1. Please give the solvent-accessible surface of D123 in Å², to the nearest 10, using a probe radius of 1.4 Å with every protein chain present.
2. Hey, any idea what % of the range 1-110's accessible area is carbon plus sulfur with a 1.4 Å probe?
3. Would you mind classifying the range 113-193 by shape? Square roots of the alpha carbon gyration tensor eigenvalues, ordered a ≥ b ≥ c; an a/c under 1.5 is rounded, otherwise it is prolate if a/b is larger than b/c and oblate if not.
4. Please report the carbon-and-sulfur percent of the accessible area for the range 119-185; probe 1.4 Å, protein heavy atoms only, DNA, RNA and ligands left out.
5. Sort S119, S99 by accessible area with a 1.4 Å probe, largest first.
6. Could you work out the percent of alpha carbon pairs in the range 1-113 separated by over 26 Å, rounded to a whole number?
7. Would you rank E41, E92 by solvent-accessible area, highest first, keeping every protein chain in place and using a 1.4 Å probe?
8. Over the chain, give the accessible area per residue in Å² for a 1.4 Å probe, as an integer.
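The values are calculated or read from the model by the stated rules, or taken from the named source; none is laboratory data. None of the values given here were measured: they were computed from a predicted structure. Note that we place each Cβ from the backbone using ideal geometry, even for glycine, and neighbour counts take in every protein chain shown. Side chains included, ligands, DNA and RNA excluded: accessible areas come from the protein's heavy atoms. Shrake-Rupley method; radii C 1.70, N 1.55, O 1.52, S 1.80 Å.
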Amino acid sequence: MLSIGLTGGIGSGKSIVAQIFRTLGIPVLDADALAKKIMQENKEVKTQIITAFGEESYNQQGLNRSYIANIVFKDPFQLQVLNSIVHPATIEAGKIWASQQNAPYTIKEAALFFESGSSEGMDMIVGVYAPDALRIQRVMQRDQINREEVLNRMNHQISQSIKMKLCDKVIINDEQSLLIPQVLQLHNELTTY
């Protein structure tokens, strides 16, 4: 079974592309959602986060996302600390998930494939590209945040042009190119691989 990575910068539309693959019957793992679940439920990870960032890292609802985001998106070193705690556990959980699937290929969707080192062991990495102005607009609407906050998050990811060059295939999601035909063509390639 092939392991396919699906990545793209914030607001690129990789989740929409992942949903099309799900509709085709392909198992898709949302690595970002898995990481959030691990931060909520994995006792070892929780202990490491509290040690690194303080007791305020968790409240009655669980992970105090706004507190953590306020720290890590202002300090690249602190973001590396958080990633060094969460990424290894997420990568390991992803491997276990993939081994339990039965399909011609699986998709692991993640924003930080290259940054986290989780591109290792993937048979192919597919990037989702969208122009920066469109990405900013999408994230502002989706997350109800201002332009500056979106740019701050974007600046913590490797640039989209570099990310797309690192990918084996690129799907264009610019609201001009049709998405479904691009995904179907890739699906056909992967099922006859």
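1. 80 Å²
2. On the way: 2940 of 5570 Å².
Ligands and nucleic acids excluded, carbon and sulfur give 53 percent.
3. Working: a/c = 2.72, a/b = 1.46, b/c = 1.87.
Oblate, because a/c is 1.5 or more while a/b does not exceed b/c.
4. 50 percent
5. Numbers: S119 30, S99 90 Å².
Most to least solvent-accessible, the answer reads S99, S119.
6. Details: 1610 of 6328 pairs.
More than 26 Å apart: 25 percent of the Cα pairs in the range 1-113.
7. So the residues, ranked largest to smallest area, are E41, E92.
8. Numbers: 10460 Å² over 193 residues.
Here the residues of the chain average 54 Å² of exposed surface.
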